[in-house]
1. Looking at S260, S224, S240, S264, can you tell me which residue is touching a residue at least 24 places away in the same chain (Cβ under 8 Å), out of contact with any Asp or Glu (no Cβ under 8 Å at 6 or more places or on another chain) and either over 25 Å from L398 (Cβ atoms) or buried (at least 17 other Cβ atoms within 10 Å of the Cβ) (or both)?
2. Against the definition (in a helix (DSSP H, G or I) and either among the aromatic types (F, W, Y) or touching a residue at least 60 places away in the same chain (Cβ under 8 Å) (or both)), how does A251 come out, yes or no?
3. Restricting the search to the stretch 370-399, which residues are outside any loop (DSSP other than H, G, I, E, B) and out of contact with any helix residue (DSSP H, G or I) (no Cβ under 7 Å at 6 or more places or on another chain)?
4. Out of curiosity, is R361 modelled with pLDDT of 75 or more, touching a Cys at 6+ places or on another chain (Cβ under 9 Å) and charged (D, E, K, R)?
5. Only one of (1) surrounded by 15 or more Cβ atoms within 10 Å (Cβ to Cβ); (2) assigned to a helix (DSSP H, G or I) is not met by Q305, so which one is it?
6. Quick check, is K79 more than 30 Å from C228 (Cα to Cα), in contact (Cβ under 8 Å) with a residue 40 or more places away in the chain and touching a strand residue (DSSP E or B) at 6+ places or on another chain (Cβ under 7 Å)?
7. Determine which member of the set I81, I30, I3, I50 is in contact with a Phe, Trp or Tyr (Cβ under 6 Å, 6 or more places away or on another chain) and either more than 18 Å from T160 (Cβ to Cβ) or modelled with pLDDT of 90 or more (or both).
Amino acid sequence: MEIRVVGRSKRESVFSLDGALDMVGLASGICYMSDDFDTLASTEDSERRIERARSVLERGHHSVAGHVYYNLLIEDAPKIIAMILNNEQIYDTSEKSARYTKMRLSGREAELYEKWQGIFEDLISKTYPGLSGRQVKKFALENARFFISVFAPSTTMMYTINLRQANYIVAYCDHFLNSDNRELMVSPHFLEKLRPYITKLRDQLHGLLGVENLVPPKEFGHFSLFACERRKEEFGESYSVNYTASLTQLAQAQRHRKISYELSYLSDAGLLYEPPILKQADVARSQEYLDDLKSIVDDFPQALQVIVNERGLFESFVRKCGERLCGDAQLEICLRSYETAKRYHDALKRDVEMGLNHHARKVEVLERILEGNARCCFSSYNCHKACFWGPRHIFDRLI
């Protein structure tokens with residue numbers, strides 16, 4: 001066996017869809033070639049390859065368009081657009097972090113963000129005097145972002161996607177824009193605010209990468225983020241679990257691409273996530289936080305809580321625990337991952353007690369996770385980072 005590099009991504013500001021279709025045609029030509037790849041690549045002209053590409057795509061064979069990737073820079077995007085894109089799972093992204101960088105905002109939103117960053121810095125430094133100034137600022141920014149609307153144009157990201165998926169997203173946008181979306185379990189007010197951003201996403205992606213006939217079957221032509229039905233909970237070889245989470249936590253969870261996520265009951269009348277450190281403060285401070293959030297709730301701040309359905313394989317969940325049961329992970333997703341592990345363990349243990357012994361190994365794995373309390377207790381994990389909390393106290397922290 002021999003492996004060679006026959007293509008690569010490179011930074012460029014000018015591109016041609018014909019160049020992409022040339023690669024699609026070359027890839028599809030492999031299926032029919034009578035000689036070897038080098039002969040095919042050197043003897044066939046580009047026009048013939050492009051003609052083959054269009055013919056193959058028209059017949060519904062779209063996988064060959066997955067060989068061509070683009071590095072898109074998306075600037076001044078609302079967080080909800082990043083969440084919609086990331087939920088489609090076929091991508092790579094590098095996104096400006098609200099945990100480490102200050103967001104540029106305006107109006108009432110900026111006023112509250114600045115106010116609560118200062119309050120959190122004061123609370124955190126008093127509660128945990130051993131934290132460095134840099135760590136205090138990071139945690140303060142992380143908690144102040146609950147005041148940022150998911151519609152605030154504050155997100156910058158490099159988003160790498162293949163030609164097939166880019167066109168599928170265009171089709172999902174078309175489905176959203178041409179439908180009344182009554183089946184989606186989110187508020188009409190939210191959908192109305194989302195519509196102009198979906199329009200812009202659709203127009204820009206289609207203008208850059210639109211290819212005729214490269215569309216998914218209509219039955220699958222919709223965004224996966226928004227639920228259309230309630231999911232049943234189950235724990236076995238795979239799992240399905242429902243829980244309440246802030247929009248911030250859901251955005252973190254989406255990075256686990258082998259796990260599927262749906263949200264429902266997204267409404268400006270929903271519950272609001274309150275950081276534990278505020279609950280330990282005086283009642284007046286806690287109420288002030290909630291009152292400030294309620295004053296901007298029509299803009300859908302990231303503190304809004306939704307019902308999340310999470311579905312995946314057992315092995316994917318274990319890998320998630322290996323990343324999220326950590327003092328460096330956002331507290332909300334850390335606690336939620338532990339709670340799901342506990343529920344998963346208890347359900348499988350009941351099955352084993354009833355004689356379903358094929359779950360015994362999974363029970364042992366989950367017991368090690370629950371006993372270890374943190375990924376640094378996993379025998380396979382070697383952490384090189386200094387930890388303020390220590391492996392036994394990551395669930396006692398308030399930030």
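1. Working: S260 fails: out of contact with any Asp or Glu (no Cβ under 8 Å at 6 or more places or on another chain); S224 fails: out of contact with any Asp or Glu (no Cβ under 8 Å at 6 or more places or on another chain); S240 fails: out of contact with any Asp or Glu (no Cβ under 8 Å at 6 or more places or on another chain).
Sole residue among the options that is touching a residue at least 24 places away in the same chain (Cβ under 8 Å), out of contact with any Asp or Glu (no Cβ under 8 Å at 6 or more places or on another chain) and either over 25 Å from L398 (Cβ atoms) or buried (at least 17 other Cβ atoms within 10 Å of the Cβ) (or both): S264.
2. Working: in a helix (DSSP H, G or I): yes; either among the aromatic types (F, W, Y) or touching a residue at least 60 places away in the same chain (Cβ under 8 Å) (or both): yes.
Yes; evaluated as a whole, the condition is true for this residue.
3. Looking only at the stretch 370-399, we keep the residues that are outside any loop (DSSP other than H, G, I, E, B), and these are 370-372, 375-377.
Scanning the stretch 370-399 gives E371, G372, C376, C377.
4. Values: modelled with pLDDT of 75 or more: yes; touching a Cys at 6+ places or on another chain (Cβ under 9 Å): no; charged (D, E, K, R): yes.
So R361 fails the test.
5. (2)
6. Working: more than 30 Å from C228 (Cα to Cα): no; in contact (Cβ under 8 Å) with a residue 40 or more places away in the chain: yes; touching a strand residue (DSSP E or B) at 6+ places or on another chain (Cβ under 7 Å): yes.
Against the criterion (more than 30 Å from C228 (Cα to Cα), in contact (Cβ under 8 Å) with a residue 40 or more places away in the chain and touching a strand residue (DSSP E or B) at 6+ places or on another chain (Cβ under 7 Å)), K79 does not qualify.
7. Values: I30 fails: in contact with a Phe, Trp or Tyr (Cβ under 6 Å, 6 or more places away or on another chain); I3 fails: in contact with a Phe, Trp or Tyr (Cβ under 6 Å, 6 or more places away or on another chain); I50 fails: in contact with a Phe, Trp or Tyr (Cβ under 6 Å, 6 or more places away or on another chain).
Exactly one residue qualifies, and that residue is I81.
For every residue, the table says whether it meets (1) loosely packed, with under 15 Cβ neighbours inside 10 Å; (2) of a type in the set (A, V, I, L, M, F, W, C).
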{"site": "W116", "(1), (2)": "no, yes"}
{"site": "D122", "(1), (2)": "yes, no"}
{"site": "A152", "(1), (2)": "no, yes"}
{"site": "Y168", "(1), (2)": "no, no"}
{"site": "A171", "(1), (2)": "no, yes"}
{"site": "H175", "(1), (2)": "no, no"}
{"site": "N181", "(1), (2)": "no, no"}
{"site": "L209", "(1), (2)": "no, yes"}
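The values are calculated or read from the model by the stated rules, or taken from the named source; none is laboratory data. Only a predicted model underlies this, so the values are computations on that prediction, with no experimental measurement involved. Positions of Cβ are backbone-derived with ideal geometry, glycine not excepted, and every protein chain shown enters the neighbour counts.
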